[in-house]
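Down below is the structure, laid out as structure tokens.
The values are calculated or read from the model by the stated rules, or taken from the named source; none is laboratory data. Note that the coordinates shown come from a computational prediction; the quantities given were computed from them, not determined experimentally. Here the Cβ is made from the backbone with ideal geometry for all residues, glycine too, and neighbour counts use every protein chain on show.
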Amino acid sequence: MTQFLATAWQLITQVRLLDVLDIALLSVLIYQVIKLTRETRAFQLLKGFAVILIISQVSKWVHLDGMAQLMSYIVNSGVVVLVILFQPELRRALERLGAGTFLDSSTLRAISHESDAGYIAAELQHAIQNMAKNRIGALLVLQRTNTLEHIIESGTIVDAQLSRELIENIFVPNTPLHDGAAIIRGGRIVAAGCFLPLTTNTDLSHELGTRHRSALGMSEHTDALVIVVSEETGIISVAEGGRLQRYMDQYSLSELLSSVYRAGEPRVSINALLKRRGGANGRKPK
């Protein structure tokens with residue numbers, strides 16, 4: 001035990017201040033990379049590359065020469081492939097670094113005050129119901145944990161406090177932003193006129209237009225909650241997790257929005273909500 005302590009103390013005394021600074025900077029860099037790619041497809045690729053690195057190292061330790069050589073080849077080629085695949089994330093990181101916001105932890109603004117959460121949910125509900133009543137088409141994306149920076153970049157930055165008047169004004173027909181999607185983060189409208197990825201699902205009703213297909217595609221790629229108002233019928237639909245639920249009534253919509261903005265409680269999924277209520281207006285989901 002004494003020898004162990006002596007060895008440990010000897011190692012500690014050999015650590016320089018520059019070594020501590022080096023480790024701290026490296027830790028910050030790794031943390032920022034994880035935060036930047038967290039809950040995205042890029043993060044899944046990063047984890048897969050980490051597994052390959054582990055296999056490569058283990059193969060060298062146990063002298064699996066063939067496997068080690070193959071893994072080494074993949075790792076060497078993989079660095080270039082990762083740079084290409086992570087091009088959007090690297091671009092955003094460089095932009096944030098240049099703007100001095102790389103270390104900013106307030107990217108996702110959470111609403112923790114109950115009255116604020118209730119106000120935002122109510123404003124959203126009133127705006128959606130008014131647009132449905134007047135047959136005004138709308139596409140709203142409520143950001144959760146996945147970053148949507150690549151979607152936000154495709155539209156026009158708004159960065160304004162959410163209100164029913166502003167939402168309804170954005171989707172007034174024949175205005176510059178009404179055809180795209182509005183991105184909502186916490187209690188703010190971040191951007192409008194954004195382009196969403198279309199779903200690749202071909203087993204869809206022909207009556208579903210571009211807005212519904214975009215909403216479904218967005219829900220397939222992220223954990224966002226996407227709300228659609230049909231300009232032809234005024235039907236309110238919600239997409240989540242690659243599933244589209246149509247014919248949302250005011251009670252189901254109210255409960256769903258409240259669960260999204262209710263702090264400190266688990267969110268309610270569309271399926272769980274409709275099971276409790278026995279379906280939305282008794283209609284079968286399409």
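Structural remarks
- So ALA8, is it within 20 Å of the chain's Cα centre (by Cα) and either at pLDDT 70 or above or surrounded by 10 or more Cβ atoms within 10 Å (Cβ to Cβ) (or both): no
- Filter result for ALA127 (aliphatic (A, V, I, L, M), surrounded by fewer than 17 Cβ atoms within 10 Å (Cβ to Cβ), at pLDDT 65 or above and outside the structural domain of LEU46 (by TED's automatic domain parsing)): no
- Segment 164-176 - residue that is in contact with a helix residue (DSSP H, G or I) (Cβ under 9 Å, 6 or more places away or on another chain) and farther than 18 Å from SER258 by Cβ and, of those, surrounded by the most Cβ atoms within 10 Å (Cβ to Cβ): PHE171
- Residues in segment 143-193 that are touching a Phe, Trp or Tyr at 6+ places or on another chain (Cβ under 9 Å) and not in a loop (DSSP other than H, G, I, E, B): ILE151, ALA181, ALA182, ALA192.
- Qualifying residue in segment 102-121 (condition: at pLDDT below 90, over 17 Å from the mean Cα position of the chain (by Cα), assigned to a loop (DSSP other than H, G, I, E, B) and surrounded by 13 or more Cβ atoms within 10 Å (Cβ to Cβ)): yes
- Screening the candidates GLU39, GLU89 for the property of being at positive phi and modelled with pLDDT under 80 yields one hit, GLU39.
- Residue that is farthest from LEU253 (Cα to Cα), among those in segment 122-142 that are touching a Gly at 6+ places or on another chain (Cβ under 7 Å) and part of a helix (DSSP H, G or I): LYS133
- Positions within segment 135-190 being closer than 19 Å to HIS212 by Cβ and either out of contact with any strand residue (DSSP E or B) (no Cβ under 9 Å at 6 or more places or on another chain) or among the aromatic types (Phe, Trp, Tyr) (or both), in sequence order: PHE171, PRO173
- Those residues of segment 138-148 which are surrounded by fewer than 20 Cβ atoms within 10 Å (Cβ to Cβ) and either of a type in the set (D, E, K, R) or modelled with pLDDT of 95 or more (or both), in sequence order: ARG144
- If you go through segment 177-213 and keep only what is surrounded by fewer than 19 Cβ atoms within 10 Å (Cβ to Cβ) and basic (Lys, Arg), you end up with just ARG188.
- Residue that is without any contact (Cβ under 8 Å) to a residue 40 or more places away in the chain and of a type in the set (Gly, Ala, Ser), where the choices are ALA138, ALA160: ALA160
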